[in-house]
Amino acid sequence: DQQVKQNSPSLSVQEGRISILNCDYTNSMFDYFLWYKKYPAEGPTFLISISSIKDKNEDGRFTVFLNKSAKHLSLHIVPSQPGDSAVYFCAASARTSGTYKYIFGTGTRLKVLA
Amino acid sequence: EAQVTQNPRYLITVTGKKLTVTCSQNMNHEYMSWYRQDPGLGLRQIYYSMNVEVTDKGDVPEGYKVSRKEKRNFPLILESPSPNQTSLYFCASSLFGTRNYGYTFGSGTRLTVV
């Protein structure tokens, strides 16, 4: 049972336009969410996070939106740049057995066209 | 530089030949974890460790072993590798008790079992 879903395996966007990556989750106990970016031959790197007490978090060109009632989060990249081309994973966590376990989505490959 | 170091980066082995993938972090993190990444399945947790001598199974632990004798090291052991363990493996670490930035990941180990 996939608790965190990224239903779009890939996305292509023109440089300068907005990229919107989506993520859905099923577990209502998740209360902290992160986005990671992964380039080929590298490990995932942290991009941005959001707590369930917020509905929006912004960091430069990156904004994450959380809709708790819909169990949906999205990552907006504005404006998109060719260097943003990577695989993006969303991850969700809930406190479990005294620690925080992250469940990852399957990833969305973003391609920004110059 | 704060980092998680995995070795080797690439490994081709034969079925049944025991192997160890090493992981070391220099950030004094208590929490360490192993993930495997497979197409269409995202990142799945194999084992994790909350501190020295404390390890526990993740979501896909079959066929793997781990040990945590020192805080900085968390090797992944495949006693008798099989072709279905062909995958991309990531080691990750985090500071226990905080989840603001999720995990720091290593660069990955691409394992092929023939």
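The values are calculated or read from the model by the stated rules, or taken from the named source; none is laboratory data. As the structure is a prediction and not an experimental result, all values here were calculated from the model. Positions of Cβ are backbone-derived with ideal geometry, glycine not excepted, and every protein chain shown enters the neighbour counts.
Residue B:29 fails exactly one of the following numbered conditions: (1) of a type outside the set (Val, Ile, Thr); (2) within 30 Å of residue A:51 (Cβ to Cβ); (3) part of a strand (DSSP E or B). What is the number of that condition?
(3) is the only condition that residue B:29 fails.
Quick one: which strands (runs of 3 or more DSSP E) lie wholly within the range B:33-114 and hold at least 2 residues that are touching a residue at least 24 places away in the same chain (Cβ under 8 Å)?
Here the list reads B:42-51, B:76-78, B:87-94, B:109-113.
Enumerate the strands (runs of 3 or more DSSP E) found wholly within the range A:44-114, keeping only those where 3 or more residues are surrounded by 14 or more Cβ atoms within 10 Å (Cβ to Cβ) and without any contact (Cβ under 8 Å) to a residue 60 or more places away in the chain.
A:45-51, A:62-67, A:72-77
Starting from the range A:16-34, take each residue that is within 20 Å of residue A:59 (Cα to Cα) and list its partners that are part of a loop (DSSP other than H, G, I, E, B) and among the hydroxyl-bearing types (Ser, Thr, Tyr), counting only C-beta distances under 6 angstrom and pairs at least six apart or across chains.
A:17/A:80; A:19/A:80; A:31/A:52
Listed here are the residues, each with its yes/no results for (1) in contact with a helix residue (DSSP H, G or I) (Cβ under 7 Å, 6 or more places away or on another chain); (2) modelled with pLDDT of 95 or more; (3) within 23 Å of residue B:46 (Cα to Cα).
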{"position": "A:17", "(1), (2), (3)": "no, yes, no"}
{"position": "A:23", "(1), (2), (3)": "no, yes, yes"}
{"position": "A:27", "(1), (2), (3)": "no, no, yes"}
{"position": "A:97", "(1), (2), (3)": "no, no, yes"}
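Yes or no: residue B:65 at pLDDT below 95 and under 13 Å from the mean Cα position of the chain (by Cα)?
Spelling it out, it is not the case that residue B:65 is at pLDDT below 95 and under 13 Å from the mean Cα position of the chain (by Cα).
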